[in-house]
Amino acid sequence: MLVQLTRQSDQRQIGKIIIKIVIYTILSLMAVLIVVPFIWMISSSLKESAELFTYPPVWIPKRLAFENYVQVFRIAPFWRYFINSGIVSVSVMLLQMVTSAMAAYAFARLVFPFREKLFLLYLGTMMIPSQVILVPAFLIVSGLGWVNTYQGMIVPHAVLAFGIFLLRQFYMSIPKNLDDAATIDGCGTFGKLFRIYLPLAKPAFMTLALYTFMGEWNRFFWPLVIVNSQKLYTIQIGLRYFMSSEGENLWNVLMAASFVSILPVLLFFLFTQKFYIETIVGTGLKD
Amino acid sequence: MISLSNRNRQTLSAMVLLAPSLLIFTVFSFGPMIYAFFLSFMKWDMMSPNKSFIGLANYQALVNSPEFWKNTFNTFYFAIGTVPGSILLGLVMALLVNNKLRGRVFFRGVFFTPVVTSTVAISIVWMWVYHPDFGVMNQLLQWVGLKPQRWLADPVLAMPALIIMNIWKHAGYNMILFLIGLQNISPTLYEAAKIDGANSWRSFKHITWPMLGPTTFFITVITFNNAMKVFTQIHTMTQGGPNNSTSVLMYLLYQEAFRNFRMGRAAAIAYFLFCFIFIITIVQKKFSDRKIYYEN
């Protein structure tokens with residue numbers, strides 16, 4: 001009987017191993033499928049022009065044509081586009097963090113009339129369909145004389161209701177004893193904000209910063225309609241116009257340009273994967 | 001120094017803290033929302049100082065325009081095409097990644113990468129992927145014995161091509177949402193099933209899938225709504241062609257506002273799109289209310 005029992009547990013062990021192998025295989029296949037376009041991009045970006053137009057397509061270039069990357073910056077002012085994207089993304093990120101920190105504190109810790117209704121109103125902005133406000137927002141920005149300016153790209157996105165929501169949750173989780181202790185020590189509202197809540201909220205700020213930076217870096221429609229002079233193009237707009245002006249033959253340079261434009265966000269993401277994924281969904285993911 | 005009661009001091013502080021965000025929201029969110037409503041009843045080209053009130057003429061012109069309905073059809077085609085594929089793929093990814101395996105964080109990251117990369121860059125890369133003569137997609141087809149296609153240049157295949165790319169791009173996001181849903185299913189349910197002798201497929205069918213009901217509904221709504229508002233890929237890859245087969249409502253809106261300078265018309269298109277999304281969301285909710293299980 002002992003022998004029979006052993007065989008059963010052996011079978012279960014083998015079964016588990018087989019399942020593991022199957023799962024890993026499927027995972028790897030799917031990972032390859034997901035990654036193929038990226039590999040295609042990088043491989044093409046390092047090809048000489050002649051190698052692009054061969055059939056069947058070559059995956060490993062005979063020679064790594066790094067000069068394509070130099071070409072990217074020569075043909076169009078990509079360094080300029082980078083700087084513009086940087087200015088806009090960082091400014092929006094900072095503004096969103098500041099406005100969120102302030103508004104969230106008011107909603108979390110202060111008592112004032114209409115507080116709940118006002119908070120609902122703020123949340124309501126998340127419900128507003130984006131396409132409905134695009135054209136009128138453009139008209140308003142135009143009326144302010146902000147077309148083709150940095151502020152036109154930055155200010156309309158200076159507040160993020162989601163950020164206020166996130167920080168409010170975080171503030172509310174800070175124990176009230178700290179508040180009371182601070183009051184006893186003679187600390188006022190703003191004193192508490194600067195000395196207790198802001199320092200403690202650093203993790204929330206980090207995740208918010210990543211989320212807003214990446215969202216702003218990748219934004220397309222708004223900069224497309226606000227900006228019409230090349231010196232203000234963000235990297236997405238610059239890339240788009242680069243594609244239409246360079247036409248059919250410079251696919252290798254185009255792939256290099258595309259890679260260059262996703263690289264900052266990609267690196268950011270790879271190093272902070274856990275933080276970012278948890279923010280974008282707004283709740284914690286167990287690892 | 002004026003002495004204020006504690007209440008008044010808090011209210012004053014709150015006003016100071018809320019002023020910047022309230023101002024921005026009023027000028028750039030609530031204001032435009034109301035402005036758009038009135039704009040849709042007007043005719044204005046942005047240059048002349050005259051805005052003329054024309055009642056429902058914008059809406060009527062759209063309803064009578066075959067181009068508008070073609071765009072509406074394309075938009076629904078894209079959205080409905082995206083939903084099943086990206087949900088299925090996201091679910092499979094989540095189920096695979098949810099096991100206690102080494103490297104699950106790595107795979108999770110890989111699957112999520114298309115979500116964080118910019119749509120413009122992705123669009124350009126996929127244009128090259130879909131290149132009729134030298135692209136990877138046709139190489140893949142030939143491997144499995146099918147004929148190469150013209151993809152983005154083919155009026156019939158252009159939209160499916162865009163749908164495939166969109167599924168690829170968003171599956172990772174749905175995976176994350178499914179992961180959260182999966183982790184909220186109480187393990188005791190699975191233990192009870194095991195005791196009763198259920199195998200993996202049966203516990204999926206009778207526990208996992210029903211318990212994922214609310215999550216699946218949420219993901220369906222989000223995926224559908226976002227797909228209805230597609231713009232960047234169309235602008236970059238096809239500009240609505242070939243033969244208007246990929247022209248969608250957001251692209252039509254963009255053209256009406258920024259090429260034809262018909263601001264009122266564009267506002268009306270925006271409200272139509274909003275209504276379509278709203279109606280479908282209600283329909284989805286009615287449909288799922290009858291099917292969702294909740295624990296307890």
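The values are calculated or read from the model by the stated rules, or taken from the named source; none is laboratory data. Quantities reported herein were computed from a predicted structural model and do not represent experimental measurements. When we count neighbours, we look across all protein chains shown, and the Cβ atoms used for this are built from the backbone with ideal geometry, even at glycine.
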### Message
With the requirement that a residue be more than 9 Å from chain A (Cβ to nearest Cβ) and either in a helix (DSSP H, G or I) or loosely packed, with under 15 Cβ neighbours inside 10 Å (or both), what does the range B:39-53 give you?
### Response
B:ASP45, B:MET47, B:SER48, B:PRO49, B:ASN50, B:SER52, B:PHE53
### Message
Cβ contacts < 6 Å: first residue closer than 25 Å to A:GLN96 by Cα, restricted to the range A:179-207; second residue outside any helix (DSSP H, G or I), any location; separation 6+ or different chain. Result?
### Response
A:LEU200/A:ILE174
### Message
I'd like to verify a number: residues in the range A:171-203 that are among the hydrophobic types (A, V, I, L, M, F, W, C) and within 24 Å of B:LEU23 (Cα to Cα), how many?
### Response
4
### Query
Applying the selection to the range A:64-122, what residues are closer than 18 Å to B:SER13 by Cα and in a loop (DSSP other than H, G, I, E, B)?
A:LEU110, A:VAL111, A:PHE112, A:PRO113, A:PHE114
### Query
over 24 Å from A:ILE237 (Cβ atoms) and in contact with a Phe, Trp or Tyr (Cβ under 6 Å, 6 or more places away or on another chain): does that describe A:LEU52?
yes
### Summary
B:PHE217 meets each of (1) among the hydrophobic types (A, V, I, L, M, F, W, C); (2) outside any helix (DSSP H, G or I); (3) away from chain A (no Cβ under 12 Å) with one exception, condition (2)
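Matching residues to (1) among the basic types (Lys, Arg); (2) at pLDDT below 95; (3) not in a loop (DSSP other than H, G, I, E, B):
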residue: B:VAL221; (1), (2), (3): no, yes, yes
residue: B:ASN225; (1), (2), (3): no, yes, yes
residue: B:GLY241; (1), (2), (3): no, yes, no
residue: B:TYR251; (1), (2), (3): no, no, yes
residue: B:PHE261; (1), (2), (3): no, yes, no
residue: B:ARG265; (1), (2), (3): yes, yes, yes
residue: B:TYR271; (1), (2), (3): no, yes, yes
residue: B:PHE274; (1), (2), (3): no, yes, yes
residue: B:PHE278; (1), (2), (3): no, yes, yes
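Here is a yes/no grid of residues against (1) farther than 26 Å from B:THR281 by Cα; (2) modelled with pLDDT under 85; (3) out of contact with any strand residue (DSSP E or B) (no Cβ under 9 Å at 6 or more places or on another chain); (4) within 11 Å of chain B (Cβ to nearest Cβ):
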site: A:LEU134; (1), (2), (3), (4): no, no, yes, yes
site: A:ILE140; (1), (2), (3), (4): yes, no, yes, yes
site: A:ASN148; (1), (2), (3), (4): yes, no, yes, no
site: A:PHE165; (1), (2), (3), (4): no, no, yes, no
site: A:ARG168; (1), (2), (3), (4): yes, no, yes, no
### Task
Mind listing whichever residues of the range A:238-256 are among the hydrophobic types (A, V, I, L, M, F, W, C) and facing chain B (nearest Cβ under 8 Å)?
A:LEU239, A:MET243, A:TRP251, A:LEU254, A:MET255
### Message
Just the residues that are surrounded by fewer than 21 Cβ atoms within 10 Å (Cβ to Cβ), among the aromatic types (Phe, Trp, Tyr) and within 7 Å of another protein chain (Cβ to nearest Cβ), please, taken from the range A:257-273.
### Response
none
### Task
Would you check if there is a residue in the range B:84-100 being at negative phi, charged (D, E, K, R) and either in contact with a Gly (Cβ under 7 Å, 6 or more places away or on another chain) or assigned to a helix (DSSP H, G or I) (or both)?
no
### Query
How do the helices (runs of 4 or more DSSP H) wholly within the range B:101-201 filter down when requiring 2 or more residues that are surrounded by fewer than 23 Cβ atoms within 10 Å (Cβ to Cβ), within 13 Å of chain A (Cβ to nearest Cβ) and of a type in the set (S, T, N, Q): which remain?
B:136-143
### Message
I'd like to verify a number: residues in the range A:177-206 that are surrounded by fewer than 15 Cβ atoms within 10 Å (Cβ to Cβ) and of a type in the set (Lys, Arg), how many?
### Response
2
### Query
at pLDDT 90 or above, of a type in the set (A, V, I, L, M) and over 24 Å from B:ALA121 (Cα atoms) - does that describe any residue in the range A:88-96?
yes
## Note on the structure
B:VAL230: passes all of (1) of a type in the set (A, V, I, L, M); (2) in contact (Cβ under 8 Å) with a residue 60 or more places away in the chain; (3) under 30 Å from A:ILE226 (Cα atoms); (4) in a helix (DSSP H, G or I) but (4)
